[in-house]
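J.: My structure is below; once you've seen it, I'll send some questions.
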Amino acid sequence: MAETENDSRHRIAVLISGRGSNLQAILDAIAARRLDAAIAIVVSNRADAPGLERAREAGVEAICLVPSDYADRDAYDRGLVEVLRAREVGLICLAGYMRLVGSRLLEAFPNRVLNVHPSLLPAFPGLEAQRQAFEHGVRVTGATVHFVTAGLDDGPIILQAAVPVLDSDSVETLSARILVEEHRIYPEAIQIALDGEWTIDGRRFVRTRRAGV
Ligand code: GRF
């Protein structure tokens, strides 16, 4: 474990705003050795985010950066970058982080910010994606892990998982099944991103690992 913690390639940060079930899935995957990474820090923009406690229970440093303590978005993002650089993180995972990420953070960590979104992007970006899909009447929706870019839920896609919409579904039952898939594919996508054998070709995330290796 000490070896992993000293390896900057595998030091990740998780940014949250709420319950932190995706954070928990990442913690569990690390504990089960399905994910070769160490969470160097969890940052929330809300002091009451239950995810902060999950992190502390797992022995992970967890802090809150309150937006009202900063003059504007840029000052907030500068503070965030400073915190992340000080922990030498190599990848930043947004997990229910309900705040737009500014160019300051994206420029400091190019192609190193991931997000999980509860729909099959590019369908239903933005808030309440599960409800959007349900009300639209699609028969299949799902979950997406993608790189974060300046566009809303718009970056290159690493992994997706499909979830059928059942006639008997409510927004709640559908959301619960999507969440199971989020928890499955997020740690897997983080491992893929950390492994590093990939390139971005236009909008496409392409793995370059040689066959049989
Ligand atoms: C998840 O559905 C995620 O896709 C979305 O916000 C929710 C966060 O849930 N961006 P949690 O805080 O990880 O439990």
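The values are calculated or read from the model by the stated rules, or taken from the named source; none is laboratory data. Worth saying up front: this structure is predicted, and the values here are computed from it rather than measured. Neighbour counts run over all protein chains shown; Cβ positions are idealised from the backbone, glycine included. What goes into the accessible areas is simple: the full protein's heavy atoms, side chains included, and nothing from ligands, DNA or RNA. Shrake-Rupley method; radii C 1.70, N 1.55, O 1.52, S 1.80 Å.
J.: Of all residues in the range 95-152, count the ones that are on the phi > 0 side of the Ramachandran plot, open to solvent by 30 Å² or more (accessible area, probe 1.4 Å) and within 13 Å of the ligand (Cβ to nearest atom).
T.: Looking only at the range 95-152, we keep the residues that are on the phi > 0 side of the Ramachandran plot, and these are 96, 111, 124, 126, 128, 137, 142.
Checking which are open to solvent by 30 Å² or more (accessible area, probe 1.4 Å) leaves us with 96, 111, 124, 128, 137.
If we keep only those that are within 13 Å of the ligand (Cβ to nearest atom) too, we end up with 96, 124, 128.
Selection size over the range 95-152: 3.
J.: Select from the range 45-66 the residues that are part of a loop (DSSP other than H, G, I, E, B) and either buried (at least 22 other Cβ atoms within 10 Å of the Cβ) or in contact with a helix residue (DSSP H, G or I) (Cβ under 7 Å, 6 or more places away or on another chain) (or both) and list them in ascending order. Break it down stepwise before answering.
T.: We begin by selecting, within the range 45-66, every residue part of a loop (DSSP other than H, G, I, E, B); these are 45-49, 58-61, 65-66.
Scanning the range 45-66 gives Asn45, Ala49, Ala58, Leu65.
J.: Identify, by number, the condition in (1) within 14 Å of the ligand (Cβ to nearest atom); (2) farther than 19 Å from Leu35 by Cα that Asp167 doesn't meet.
T.: (1)
J.: List the pairs whose first member sits in the range 148-162 and is at pLDDT 95 or above, whose second member is surrounded by 16 or more Cβ atoms within 10 Å (Cβ to Cβ) and among the polar types (S, T, N, Q), and whose Cβ atoms are under 7 Å apart, counting only residues at least 6 apart or on separate chains?
T.: Every condition considered, the pairs that remain are Val148/Asn115; Gly155/Thr149; Ile157/Thr144; Gln160/Thr144.
J.: Please find, within the range 98-153, the residue that is farthest from the chain's Cα centre (by Cα) out of those that are among the acidic types (Asp, Glu) and not in a helix (DSSP H, G or I). First the steps, then the outcome.
T.: Quick first cut of the range 98-153, residues among the acidic types (Asp, Glu) only: 107, 128, 135, 153.
Checking the rest, the ones that are also not in a helix (DSSP H, G or I) come to 128, 153.
Working: Glu128: 16, Asp153: 11 Å.
Going through the qualifying residues, I end up with Glu128.
J.: Six or more apart or on different chains, Cβ under 8 Å: which pairs go from a residue in the range 89-102 that's of a type in the set (Ser, Thr, Tyr) to one that's assigned to a loop (DSSP other than H, G, I, E, B) and buried (at least 17 other Cβ atoms within 10 Å of the Cβ)? Could you list them?
T.: Here the result reads Tyr97/Ser17; Tyr97/Asn45, each pair linking the range 89-102 to a residue that is assigned to a loop (DSSP other than H, G, I, E, B) and buried (at least 17 other Cβ atoms within 10 Å of the Cβ).
J.: Also, I was wondering about something else. Given (1) under 18 Å from Val113 (Cβ atoms); (2) open to solvent by 70 Å² or more (accessible area, probe 1.4 Å); (3) not in a loop (DSSP other than H, G, I, E, B); (4) not small (Gly, Ala, Ser), identify the lone condition not met by Leu80.
T.: It is condition (2) that Leu80 fails.
J.: Has the range 69-91 got at least one residue that is within 16 Å of the ligand (Cβ to nearest atom) and under 17 Å from the mean Cα position of the chain (by Cα)?
T.: No - not one qualifying residue is present in the range 69-91.
J.: Keeping to the range 19-44, report how many residues are outside any helix (DSSP H, G or I) and open to solvent by 20 Å² or more (accessible area, probe 1.4 Å). First the steps, then the outcome.
T.: Step one: filter the range 19-44 for residues outside any helix (DSSP H, G or I), giving 19-20, 32-44.
Still in the list and also open to solvent by 20 Å² or more (accessible area, probe 1.4 Å): 19, 32-34, 36, 39.
Total meeting the criteria: 6.
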